[in-house]
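Note sheet for the following structure.
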Amino acid sequence: MEDFAGDERPFAVLYRPNIDAHNVELLRGDVVGMNRLDELAKALERSDVLALLPFRQIKERGMVCNDDGMPLLAMQLKVRERIGRAQLLEMLPSEPVDWSDFEFDITDEQYCRIVQAVVHNEIGAGEGSNFVVARSLIGSFGAEPGRTARQVFRHLLAHEADAYWTYLIYTGRWWFVGATPEAHVGLRDNTVFMNPISGTYRYPDCGPTAAGLRQFLNDQKEIDELFMVVDEELKMMSRVCPEGGIVSGPNLKCMSHLAHTEYMIHGVAAVPPTTLLRETLFAPTVMGSPLENASRVIARQESVGRGYYSGVAALIERAPDGNHRMDSAIIIRTAVVDETGAARITVGSTLVRDSEPQREADETRAKAAALVSGHPGKPLSGCSDQDSSGVAELLARRNALASPFWLDPTLRRGCAREIAVGKTVLLIDAEDYFTAMLATMLRALGVRVTITAIDSEPTFSGFDVVVFGPGPGDPKARHDSRVSALRKAILRGLFSDTPFLAVCLSHQILCDIIGLPICHLERPNQGVGRDINLFGRTVRAGFYNTFVARSTADELEAVIAGRVEVSRDPSSEEIYALRGARFESFQFHAESVLSRDGWPVLSAALERLLHAQVVPADSDRQRSSA
């Protein structure tokens, strides 16, 4: 450690207070550039590794990006030491950093225009529920970037409260210095965990106050933001964990200049760390929802590649039992500096249907403040004294409206339905991984689930029930190949003897086929929980829709579908659900954490469809036409 203050060989210094609050880890090793995670898997056969994944790695999941060519960096660890946090603070340079030349590459005015465009043209067009758009502070770390990076690291190590990782990494070409609040994904003893964080309380100049904190915790926009990212990370957990994830929380995470709300999600899976990384590229908190469309929106709205912003720093090591364990953090609140001293600090804001442009611009400034403010932030008494300010009660109150299926693991034990056990369900994915959450719920009911993409022209034979899944987009967009394929498949479903369930986009397409009008909502229902009357029963359901079908009647006769029951809002005429002889459809997402009653609703629908009397489709149509 003696030469740390001036050593320029590749190294990393990690402070992970959840692992060890008193000590800091120093890692050394050669750094190798890679293109794919398969190469990282081979490196792990030789040594423990600290890996830095750039945003362009998302191409491994078939998603798009502005490809800036940044490599996956792997430090193959040769030396690992620990040093006391207090001792290291004494070793690091303590003079302040000059941030005077740092400016945003996009002005507030330009960023506000982007916010307006995303809310109107993307969320307002049904492309998704939320999107994260970034901008960067650009400046110089001067002629001695290594020394400046150490100064920044000391400031963060001394003052940044409640960071998940605080780190200084030198790769031989770039410096990475930051304090990220958010874990990406962890793996230990076959337990996988994720840490969705969203909602931001920007401290006023006087510091956080109990009143300000309560206002933040009661802000419906901030509450909705967090539930939306919980849904997104549950999608990921449902893809990698056979029984999905279990949610705990929420909690408050207090940083030096702002506070966030968070949940934890745990699941069980025997999966290699590189596979786990690939399946979780990248966190919805730094991209948006649904992920595939979020990647397209980011590519459209951001003019340059993201570099390592929103990527992952992952420490992967061999455990005593021979299995790998992994701890990883999202690369945010981080300065990336090259050998010339050119520095970039990229920050983003989660844009939702209620976003106010200037408020979102201000949020990006607050997120950068921990690095560039030059002062340690205000005292955290108003934030950390949670009991006296009623914070714990306000946080706990949120779960009363959430789905107990995802909160209480005991609900899944012995819950299989006798009629469902051994039955088969074909689940059709329309580019929204809500299908993975649906699969988790359906398997808990006892059925065997096969997931297939809509573009595979699936056949229904051999399955007891078909589920047409949700997806982004306009249900009337015949030019969209995905929408067109869904339409053809649902038409086949109507003429098939196999009963089916249609969800969200698929529900809208079914309504359009039946002849019901499809309307664009003036105010999208993206990430909204509502109490509705579902065929005479009041339920809490989560909605993610920009389009809606309407009906003036509670029952109708359709030439192609026969008699159809309609669950609707009598004042707005918005349709919540349909029931036919061999089908059901939901506008809402029964699988969402926002759907408190989603589990019993889905269970009842599946039982009804499995009980459905098989009547030849031609007979139905002839009877309806008579």
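For this structure, a couple of remarks:
- Top-ranked residue in segment 136-148 [being surrounded by 23 or more Cβ atoms within 10 Å (Cβ to Cβ) and in contact with a strand residue (DSSP E or B) (Cβ under 6 Å, 6 or more places away or on another chain); ranked as nearest to GLY529 (Cα to Cα)]: SER136
- Counting only strands (runs of 3 or more DSSP E) wholly contained in segment 547-615, the ones carrying 3 or more residues that are buried (at least 20 other Cβ atoms within 10 Å of the Cβ) and more than 28 Å from the chain's Cα centre (by Cα) occupy 562-568.
- Filter result for ASP455 (surrounded by fewer than 19 Cβ atoms within 10 Å (Cβ to Cβ) and touching a Pro at 6+ places or on another chain (Cβ under 9 Å)): no
Matching residues to (1) part of a helix (DSSP H, G or I); (2) among the acidic types (Asp, Glu); (3) surrounded by 18 or more Cβ atoms within 10 Å (Cβ to Cβ):
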position	(1), (2), (3)
VAL31	no, no, yes
LYS59	yes, no, no
ASP68	no, yes, no
ILE83	no, no, no
ALA86	yes, no, no
TYR111	yes, no, yes
GLN116	yes, no, no
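- Residue pairs whose Cβ atoms lie under 6 Å apart, separated by 6 or more positions or on different chains, with the first residue in segment 493-517 and in the same structural domain as LYS423 (by TED's automatic domain parsing) and the second among the hydroxyl-bearing types (Ser, Thr, Tyr), are ALA502/SER585; HIS507/SER585; LEU510/SER585; LEU516/SER551.
- Within segment 85-92, one or more residues are of a type in the set (D, E, K, R) and in contact with a Phe, Trp or Tyr (Cβ under 9 Å, 6 or more places away or on another chain).
- Residue, farthest from PRO472 (Cα to Cα), within segment 124-135, restricted to residues that are touching a Pro at 6+ places or on another chain (Cβ under 7 Å) and surrounded by fewer than 23 Cβ atoms within 10 Å (Cβ to Cβ): GLY124
- Failed criterion for TYR576 (all others in (1) hydroxyl-bearing (Ser, Thr, Tyr); (2) out of contact with any strand residue (DSSP E or B) (no Cβ under 6 Å at 6 or more places or on another chain); (3) within 23 Å of ARG596 (Cβ to Cβ) hold): (2)
- Subset tally (residues that are touching a strand residue (DSSP E or B) at 6+ places or on another chain (Cβ under 6 Å), in a loop (DSSP other than H, G, I, E, B) and surrounded by fewer than 17 Cβ atoms within 10 Å (Cβ to Cβ)) for segment 485-534: 1
- Scanning segment 341-356 for residues that are buried (at least 20 other Cβ atoms within 10 Å of the Cβ), over 19 Å from the mean Cα position of the chain (by Cα) and not in a strand (DSSP E or B) turns up nothing.
- Odd one out for ALA163 among (1) crowded, with 23+ Cβ neighbours inside 10 Å; (2) at pLDDT below 95; (3) over 28 Å from ALA392 (Cβ atoms): (3)
- Set ALA319, ALA369: member being surrounded by fewer than 17 Cβ atoms within 10 Å (Cβ to Cβ), modelled with pLDDT under 95 and either in the same structural domain as SER136 (by TED's automatic domain parsing) or among the polar types (S, T, N, Q) (or both): ALA319
- THR424 β-branched (Val, Ile, Thr) and at pLDDT 90 or above: yes
The values are calculated or read from the model by the stated rules, or taken from the named source; none is laboratory data. Quantities reported herein were computed from a predicted structural model and do not represent experimental measurements. Note: ideal-geometry Cβ built from the backbone for every residue, glycine included; neighbour counts use all protein chains shown.
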